[in-house]
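To start, the structure under review is shown below, and the notes come after it.
Where a number appears in this text, it was derived from the coordinates with a stated rule and is not lab data. Since this is a predicted model, take the numbers as computed values, not measurements. Here the Cβ is made from the backbone with ideal geometry for all residues, glycine too, and neighbour counts use every protein chain on show.
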Amino acid sequence: MRYLSRRVDFSAMHSYEVAEWSKEKNKEVFGLCSNPHGHGHDYQLEVMVKGNLSTQSGIVVNTVDIKDIVGKIVESELDGKFINKENAYFHNKIPTTENIVNYLWETISPVLKDCELHRLQLHENPFLFATKEEGNMVSLTRKYHFCAAHRLHSNKLTKEENLNIFGKCNNPFGHGHNYYLDVTLSGEPNPITGMIVDLARLDDIVETQVLNKLDHKHLNLDVEEFKDLNPTSEVVVQVIYDMLSPHLPNLQKTGLWETEKNFFEYAGNGDSN
């Protein structure tokens, strides 16, 4: 089985509103997204398909064909549209990122040729995206930022071993990063709100449990959780997962960008990348 992906971009506007709710309740639940006049995004859709390799052509399917098939759907149904008003699917569904990626899966999957849809990832903005694979579950990833310093040093290693493994990161005074944190939750979108999590509640939990403890701190010296731990990013991403999991029962994984080149992920099962 081979996997390949193609990106398709589009722009659209939408509004979050439950017609049966009062204006005040809609604003309480959806915040600025409840503006009845709508707001908009430049969406990025990543389409990953899977299939067998053709022995004649050496490809699974031409990515241009994927672009054409998906592009026609997106252009006719979403691009340049007020989604609530101009797409029948969303007359009775709120066009959240989770619902849109579900809609795209249902629309794209049946019309693909010579391959199967494996995954869709819809980026609403650089800090929020939804992912859909087979089944009823959707995952939503929210990105956060914090600045922190740390020193990579293990008390279980000699001074020479620490210096050999960690190099300049073993500097006794420490060094710092602009960290970006991905928090991913999974579930079925609520049939009323179209969301798998209240974003305002999620933001509050992440700020209270993680950002307030780590932002502008020296992890080794200021954060109790690292008192007896070497704060490598492999360790930090797991500690953050453990900070959040008691408060987010549908937490799927945490991801940590130490730099633009270094990414670490922990899914709560002892596996990290």
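Brief remarks on what is shown
- Net lengthening on full extension, Phe263/Gln44 (0.36 nm per residue, minus Cα-Cα): 76.7 nm
- Percent antiparallel among DSSP beta bridges (both partners in the chain, rounded to 5): 95
- Taking 27 Å as the limit for the C-alpha separation, the pairs Lys93/Lys261; Lys23/Lys81; Lys143/Lys217 exceed it in the case of Lys93/Lys261.
- Table column - 3J(HN,Hα) (Hz), the range 5-19, Karplus curve with 6.51, -1.76, 1.60, x for Gly and Pro: 9, 9, 9, 10, 10, 7, 10, 7, 10, 7, 9, 9, 7, 9, 4
- Approximate spin-label separation Lys85-Asn250, in nm, with each point projected 7 Å along Cα-to-Cβ: 3.0
- Against the empirical curve 2.2 N^0.38 Å, the C-alpha radius of gyration of the range 1-135 lands at a ratio of 1.18.
- Val111-Leu157 pseudo-label distance in nm [points 7 Å out on the Cα-to-Cβ vector]: 5.4
- As a rough guide to protection, the peptides 15-21, 53-59, 182-188, 108-114 ranked by mean Cβ packing within 10 Å, highest first, stand as 182-188, 15-21, 108-114, 53-59.
- Legend: Rg and Dmax of the range 141-273, from Cα coordinates, 16.0, 59 Å.
- For Tyr43, distant residues with modelled amide H under 5 Å away: Phe10, Ser11, Ala12
- Per-residue HN-Hα couplings for the range 227-240 [Karplus 6.51, -1.76, 1.60; θ = phi - 60°; Hz; x = Gly/Pro]: 4, 10, 10, 7, x, 5, 5, 4, 6, 4, 5, 6, 4, 5
- Candidates per trypsin sites (Lys or Arg not before Pro) in the range 139-170, loop by DSSP, up to 14 other Cβ within 10 Å: Lys156
- Cα shape, the range 1-43, gyration tensor, a/c 1.5 rule: prolate
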